[in-house]
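Take a look at the structure set out below.
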Amino acid sequence: MDNKINKSFVYGVSVSGNNFTDRVKEAQRLKMNFENGLNVVLISPRRMGKTSLVHRVQEIVDKKIIQTVYVDIYDCRTEYDFYNKFAAALMKQTSGKMEKALENVKKFLVRLTPKISFMPEPASDYSISLGITPKEYSPEEILALPELVAKRIGKHIVVCIDEFQQIGEWSDSLTVQKRLRGVWQHQQNVSYCLFGSKQHMMTNLFQNKRMPFYQFGEPNYLQPIPTEDWIPFIKTKFKEKGLIINDEHVARICEIVQNQSSYVQQLAWNVMLNTKDVVSDKEIELGISDLLAQCTPLFMEQTGALTTYQLNFMRAIIDGQHNQWTSKEVLEKYNLGTKSNIDKLQKTLIDKDFVEKRADGIYLADPVLQLWLQKQ
Ligand SMILES: Nc1ncnc2c1ncn2[C@@H]1O[C@H](COP(=O)(O)OP(=O)(O)OP(=O)(O)O)[C@@H](O)[C@H]1O
Ligand SMILES: [Mg+2]
């Protein structure tokens, strides 16, 4: 990111430079995978730092041997939306300058007439739209492109596909998945880093034996950044502004939001805005209530659509219930309806990303929503 002002804390967008902390081990590991041509699958709950991490790895890989291509497919609604974005990203990012990109489109995609549009910022940036339809190119021809380009530029290409879970939403998704996997697993000079947010969807795509992408690459579950790494990061940011925060208060910030990266930065920023010189418990509490206020509109909207049973289920979790859902006591205590209700309740709440399954039971996915519900 091109930061003209020195922002203390950044949240909601991917971060780089001195807004990015730690992740040294994860970045090294991914770098090694990239440089050794291994496919990677990266999974984590929302806003933990997948996109930022992949961008970091793009910066540190050995560019003499590796060319990375990043494509976010969040807005791709169909298979061909994807091919268009995929091919455009490939052409642009392996070419650099616009003239070169157009030259490469001519070389690799002769049947197309690409359109170029210029970005307002930075002035030299542009986007290509290729307008690929099944009439011009088959899926296999598009999917074969990275291999051709890799040979041409004499580098191994790593295609990084963000929000990959989106593929599960396309019509005839299973056929498309089979198609992609079929082509990708035979490519010699290209590997793939697939990552995305909806954890249950990602898990289903990659961990389900019946799915085409089962065991496609090394699965990496991105863990939260530990408190001990947040401490120096946050303390330094405060110091830069002439403010002081001690280790315990940083630890408290992390604990409140269960170390979820985006919330850590947001809460730290709130605390900073409330601080005149030294952080005390009071500033932390003010920061938390600001955070809850900031989230309230969204949470109201999200929870407004829930049924009473679903809300009861979430309240039970907040109360410390994570297992034994079908026991008579639990069903009665939390008013969850009948035994047969439970499966459906769980499934819907997981699908909607409200709750997640961990090794030892069911938990709320969003620590701030949890706090918010507790205060209601
Ligand atoms: N390594 C990091 N150091 C500091 N902050 C980070 C780091 N990684 C993530 N964050 C914080 O988390 C926020 C979200 O990061 P990012 O967009 O990379 O996560 P993501 O997992 O890709 O999110 P999403 O699930 O929305 O795609 C950032 O804006 C930043 O506040
Ligand atoms: Mg992301």
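Measuring nothing but how far apart in sequence close Cα pairs (under 8 Å, 6+ apart) lie, relative to its length, the chain scores a relative contact order of 17 percent.
The Cα atoms of the chain give a gyration tensor whose axes a ≥ b ≥ c have a/c of 1.5 or more with a/b no greater than b/c, which makes the shape oblate.
In order along region 302-316, the phi-based Karplus estimate (6.51 cos²θ - 1.76 cosθ + 1.60, θ = phi - 60°) of 3J(HN,Hα) comes to 5, 7, x, 8, 8, 7, 4, 4, 5, 5, 4, 4, 5, 4, 4 Hz; Gly and Pro are listed as x. Across region 50-202, the mean sequence separation of Cα contacts (distance under 8 Å, 6 or more residues apart), normalised by length, yields a relative contact order of 29 percent. Between the listed residues ILE132, TYR80, MET98, the Cα displaced farthest toward the positive end of the dipole of region 55-170, a dipole computed from Cβ unit charges relative to the Cα centre, is found at MET98. Beta-bridge orientation, the chain: approximately 30 percent antiparallel, per DSSP, counting only bridges with both partners inside.
Carbon and sulfur together cover what percent of the accessible area of the chain at a 1.4 Å probe radius?
52 percent
To the nearest Å, what is the center-to-center distance of region 90-112 and region 117-183, using C-alpha atoms only? Here the two parts' Cα centres lie 13 Å apart.
Measure up LYS7/LYS100; LYS25/LYS375; LYS178/LYS344; LYS92/LYS135; LYS25/LYS63 against 27 Å on the Cα-Cα distance and list the ones that go over.
LYS7/LYS100; LYS25/LYS375; LYS178/LYS344
Cys residues of the chain that find no other Cys beta carbon under 4.7 Å: CYS76, CYS254, CYS295.
Probing with 1.4 Å while keeping every protein chain in the model, the per residue accessible area of the chain equals 50 Å².
Ordered by 1.4 Å accessible area with all protein chains kept, MET314, MET201 run largest first as MET201, MET314. When only the Cβ of Lys, Arg, Asp and Glu is charged (+1, +1, -1, -1), the dipole of region 23-221 relative to its Cα centre reaches about 360 debye. Normalising the average separation of contacting C-alpha pairs (under 8 angstrom, six or more residues apart) by the number of residues puts the relative contact order of region 238-376 at 20 percent. Placing unit charges on the Cβ atoms only, positive for Lys and Arg and negative for Asp and Glu, gives the chain a dipole magnitude near 940 debye about its Cα centre.
Estimated from helices alone, the mean residue ellipticity of the chain at 222 nm is -15500 deg cm²/dmol (sum of -39500 (n - 2.57) over DSSP H runs with n ≥ 4, per residue). When the alpha-carbon atoms of region 306-375 are used, the pair Rg, Dmax equals 11.0, 30 angstrom.
Most simply put, region 23-221 has about 15% antiparallel DSSP beta bridges, counting only bridges with both residues inside it.
The values are calculated or read from the model by the stated rules, or taken from the named source; none is laboratory data. What you are looking at is a predicted structure, and each value in this text was computed from that prediction instead of being measured. Neighbour counts run over all protein chains shown; Cβ positions are idealised from the backbone, glycine included. Remember, those area values only see protein heavy atoms, side chains included, never the ligands or the DNA or RNA. Shrake-Rupley method; radii C 1.70, N 1.55, O 1.52, S 1.80 Å.
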